[in-house]
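Scroll down for the structure; my scribbles are underneath it.
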């Protein structure tokens, strides 16, 4: 359980850093910030379908140190395996 908790917080931190940096560089930051906050908040519900819905069909999910995952379906499967108790 401890290992899962550490992975989860590492995931949130890496996501916030990556998405936060992108938002700082964008002239549409308020809209981007809203999406980023909603995505981060959605982790509290641990719903892989909801989380994957933030990605396009060909989106790429980076979760260091795991290899990148491409495609909404594969992202949903990856997240399902990650949060499975």
**Message:** Using a 7 Å offset from the Cα along the Cα-to-Cβ direction at both residue 82 and residue 33, what is the distance between the two label points in nm, to one decimal?
**Reply:** 2.5
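Using 0.36 nm times the number of residues separating residue 42 and residue 62, minus their current alpha carbon distance, what extension gain do you get?
On the way: separation 20, 0.36 × 20 = 7.20 nm, distance 1.71 nm.
In short, 5.5 nm is gained.
Read-outs throughout are calculated quantities, based only on the coordinates presented, and are distinct from any laboratory measurement. This is a predicted model, so every value here is computed, not measured. Ideal geometry is used to build each Cβ from the backbone, glycine not excepted, and the neighbour counts take in all protein chains shown.
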